[in-house]
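Okay, structure first, notes after.
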Amino acid sequence: MRPLYFDHNATTPLAPQVRAAMAPLLDKVFGNPSSGHAWGLDAKEALEAARGQVAALINANPDEICFTSCATEANNTIIQGLLRPDAENPDPGMITTQVEHPSVLEPAREMARRGATLAALPVDNQGRMHPSDLHNALRPNTRLVSVMLANNETGVIQPVWELSGPCREHGVLLHTDASQAVGKIPVDVRALGVDLLTIAGHKLNAPKGIGALFIRRGVSLPALLFGGGQERGLRPGTENTLLSVGLGAACALAGRDLPEEMARRRMLGEVLRDGLSRLGADFMIFGENAARLPNTLLVGFRGWDAGRIVEELALRDVAVSAGAACHAPEHEANDPHKASISHVLRAMDAPVEYAAGSIRFSWGWGTSREDVLDLIERLARVLRPAR
Ligand code: PLP
């Protein structure tokens, strides 16, 4: 059976063009970018070209891009850097949403344990946050607002561009975790009006182990690491030229193909949607009426256990993901359905009988129409027998 990979929001395969761009770094271009000799200068040139490619994809200046090891590190750098209580600001405040990735929620909770104030805004049943809630939550001590651009589970796009006005008025920094958005939809830091933005390389066909942080000129972010001063002191340590070049190439590729790939991915989503409705299963699509990424469909199959569907599909060489599970509140921990519902679906107040059977289908570069048709066929075999 042909393997079918429908888990591109978890991670993506390496694009051949990215591999080709990295090849010289595995061979001749091995110098340390800080060295003044020819080897170092070659490495520095490759690194700075990559920085330019990342910047170009999001309409930033190259000097506004800091390479990190991953999105988690970028999010931690921002949150731990800005929310550290000090004598001047003993209880710095952060506002985020209930549906953020753990790489935002967990450092935020940690900073709250250390004295910061944390507010997590709700979302509606489509997974959308409402900018008016931000107006009401802003306080004199608020230092940071962090709202993801696209949700990893539902693909729902948040109206980040509507948040910059109130943030600016209150002198608050605006961050967006764009890990799932960059390379999938147009992302323009100026149009969004953000001060800080997170990129995850492996979500856009670059290798794992590389991410980037956009820091608007004029914004000062305290460093978490101290050392040789690389990445303008924010992320010291000898630069990972190999993976940075990979991320640069992936950004160039994504930017080049974006309009066609978006249309193609949207078409694949329609084929999938169509196929699902012909299966005869009772299902709902989470965030169906919200603006969503063109590559993501989170589907709840009524009365099913998501883990069972994932396993059955895995036996048929299909990779999908169960709506990321999260710890249940204690009083629900013994209910096998409620215990497996993610924090995102909880925040959306999703019906338990559908949410417990939620499967995330995510596709991307290399996914064909035939793949989607085959997926539907294999899914039909899983869902057909009586439970
Ligand atoms: N933010 C979002 C929205 C994500 O989907 C992910 C990964 O799933 C991350 C951050 C963290 O990425 P990484 O594990 O590469 O640090």
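Bear in mind these aren't lab numbers, they're just calculated from the coordinates by the rules spelled out. Quantities reported herein were computed from a predicted structural model and do not represent experimental measurements. Here the Cβ positions follow ideal geometry from the backbone for every residue, glycine too, while neighbour counts run over all protein chains shown.
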Radius 12 Å from Cβ of residue 175, net charge of other residues (Lys, Arg +1; Asp, Glu -1): -1
Among DSSP beta bridges lying fully in the range 16-256, give the percent that are antiparallel, nearest 5. 40 percent
Under 19 Å by backbone N from the virtual spin label 7 Å along Cα-to-Cβ at residue 112, the residues of the range 66-85 are 75-85
Unit charges on C-beta of K, R, D, E only; dipole of the chain, Debye: 360 debye
Give the long-range amide H neighbours of residue 142: residues separated by 5 or more places, or on another chain, with amide H under 5 Å away, using H modelled in the peptide plane at 1.01 Å from N. 93
Over the chain, the sum of -39500 (n - 2.57) across DSSP H runs of at least four, divided by residue number and rounded to 500 deg cm²/dmol, gives at 222 nm -11000 deg cm²/dmol
Total lysine pairs under 26 Å (Cα atoms) in the chain, excluding pairs fewer than 8 apart on one chain: 6
Residue order, fewest to most surrounding Cβ atoms within 10 angstrom, among 367, 296, 238: 238, 367, 296
Long-range amide H contacts for residue 211: which residues qualify at under 5 Å (H placed 1.01 Å from N, peptide plane, sequence gap of 5 or more or a different chain)? 68, 69, 70, 201
Charges at C-beta only: +1 for Lys and Arg, -1 for Asp and Glu. How large is the resulting dipole of the range 70-113 about its Cα centre, in Debye rounded to 20? 80 debye
Report, in order of residue number, the helices in the chain meeting two criteria: a C-alpha extent of 24 Å or more along the helix axis, and a mean Kyte-Doolittle hydropathy of at least -1.0; treat each whole DSSP H run as one helix. 38-57, 241-277
Gyration tensor (Cα) of the range 36-158, equivalent ellipsoid semi-axes in angstrom: 32, 20, 12
Can you tell which of 222, 348, 16 lies farthest toward the positive end of the dipole of the chain, using +1 and -1 charges on the Cβ of basic and acidic side chains (Lys, Arg; Asp, Glu)? 16
How large is log10 I(q)/I(0) at q = 0.07, 0.15 Å⁻¹ when the Debye formula is applied to the Cα atoms of the range 16-256, each weighted equally and without solvent? -0.23, -0.98
Magnitude of the charge dipole, the range 1-62, Cβ model with Lys/Arg +1 and Asp/Glu -1, debye to 20: 120 debye
Under a 5 Å amide H to amide H cut-off, with H placed in plane at 1.01 Å, what residues pair with residue 358 once short-range neighbours are removed? 301, 306, 323
Alpha carbon centroid spacing (whole Å) that separates the range 266-310 from the range 129-206: 26 Å
Relative contact order (%) - the range 16-256, alpha-carbon pairs under 8 angstrom, separation at least six: 26 percent
When ranked by the protection proxy of mean other Cβ atoms within 10 Å per residue, highest first, what sequence do the peptides 220-227, 193-200 form? 193-200, 220-227
Selection from 207, 29, 163 lying farthest towards where the dipole of the chain points positive, charges on Cβ: 29
If Lys and Arg each add +1 and Asp and Glu each add -1, what is the summed charge of the other residues whose beta carbon sits under 10 Å from the beta carbon of residue 10? +1
